[in-house]
Amino acid sequence: MLCINLVKAKRILSLLLLSVFVVGTVVLGRPAPAAAITPNCGSTAFLIDTTLPNGARWVMCWEERRNEGIVLHEAYFTPRNGVQRLVLYRASVSQIHVPYDNNGARLHDVSDYGLGGANLLDLTPAECPGGALLQNNGKDVICRTVSGDGYAYKAYGTQKQAYALSLFSVSGIGKYNYIPKWKFFDDGTIEPSMGAAGTLQFCTTDSRYGWHINAPGCVRGTSHTHNYFRRLDFDMGGEANDEFQQIDFGGVGTSYRPITYGNTRTETARVVSQTGFRTWRILDRYVRNADGHPISYELDAESSHTFRGPAYEPWTRNDVYFTENRLVVNDTYCEQFVSHNPTRTGCAGNLASFVNGQSVTDGVLWYGMSFHHLARDEDHPRMSTHWSSFQLIPRDVTANSIR
Ligand SMILES: [Cu+2]
């Protein structure tokens, strides 16, 4: 499926034409015409085209890859009564890094084992209630559902219900079953999540590093962290002109909290700041909404656990990374995995080294969520599924609320 990435340049040309159309309509001050694009997925079997109950539409392609499992391509969002836009050119799981607290194992599940191929499980209809199963190679690998999400808005006597398209797959790696899920809401919000299920992988008798579960053959479940990374190639308004912005609020511990902005067009790595209300967005420098504001997507980071590993795991030193898209270099995959990345073509071995001062035009956002898994009695004989999630939220993509 290398071709999907290599045709990016051609797709971008048509996007630029669409952007010109959109910008032009903003300048002329009249509604944009409907110029709906359906991406070429090679086969309609790999096309997802869902119109949600409020009229919003998500269209995208998917493929199965040996390491990354299900990868999404060319995800377009059309708001209710609005203009279609490419949001993500490519979205993938870029590593599941699982270091154990007793240093008994430090796993790199995506690069070393893979979410696809034999590890991608065949789903049954019972696992996808009310949804549709999507096949690859005769195996039901994706469950697609549309589900309610409560209020889109509620203002005293007026309310509307929200809906989301949901896609998930399940990959069995060792004793774990991972459930990568993507939710696409009818306001343009995207929620990547990861479920951890299956059974506990490792046990210990050392009270420093495990929680008593007193299961047969397992006195204590060994404590460990799941670091779930996503790689997100945003292409709003076209491939080029991406910019990264950090927003902070000063005055911690005082009565005033002034906002500050830090923009960059150079590769960068950043850490979360909960007391500074720190947030980030990726914006297009030229495409603006009808209010004249640059369109952007904001990362609403999950912040319960933050993992900082030893010096030989430098990709755990930061939480958010912004890099130039170098997925394919000289027809070979290059900056694909957060860790254990193939270096055969001179590409760097991990995400920390991808950040090397390069200027960015086609930006990629990398974000990892961490779940420190302290086993509990409820984790045997089968683990209760644990979910980790974050959101990517439109900021000024449209000039007002669209639901
Ligand atoms: Cu776990």
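This ranking places L47, L365 by how few other beta-carbon atoms lie within 10 Å of each, fewest first, which gives L47, L365.
Projecting the Cα atoms of Q201, V328, N102 onto the charge dipole of the chain, computed from C-beta unit charges around the Cα centre, puts V328 farthest toward the positive end. With the convex hull drawn over the C-alpha atoms of the chain, the volume per residue is 173 Å³. Taking a ≥ b ≥ c as the square roots of the eigenvalues of the alpha-carbon gyration tensor, region 119-220 is classed oblate because a/c is 1.5 or more while a/b is no larger than b/c.
Each label point was placed 7 Å from the Cα along the Cα-to-Cβ direction; for R285 and R144 their separation is 3.7 nm. Computed extension gain for Q159 through A311, at 0.36 nm per residue and net of the alpha carbon distance, reaches 49.6 nm.
Note on the chain: lysine pairs with Cα distance below 27 Å, sequence gap of 8 or more or different chains, count 9.
Between R326 and E127, the simple label model (points 7 Å from Cα in the Cβ direction) yields a spacing of 3.7 nm. In a reduced charge model with +1 at each Lys and Arg Cβ and -1 at each Asp and Glu Cβ, the chain shows a dipole moment near 400 debye about its Cα centre.
Throughout, read-outs are computed from the coordinates displayed, never taken from laboratory work. Fair warning: this is a prediction, and the values are worked out from it, not measured in the lab. Methodologically, a virtual Cβ is constructed for each residue, glycine included, from the backbone with ideal geometry; neighbour enumeration extends over all protein chains shown.
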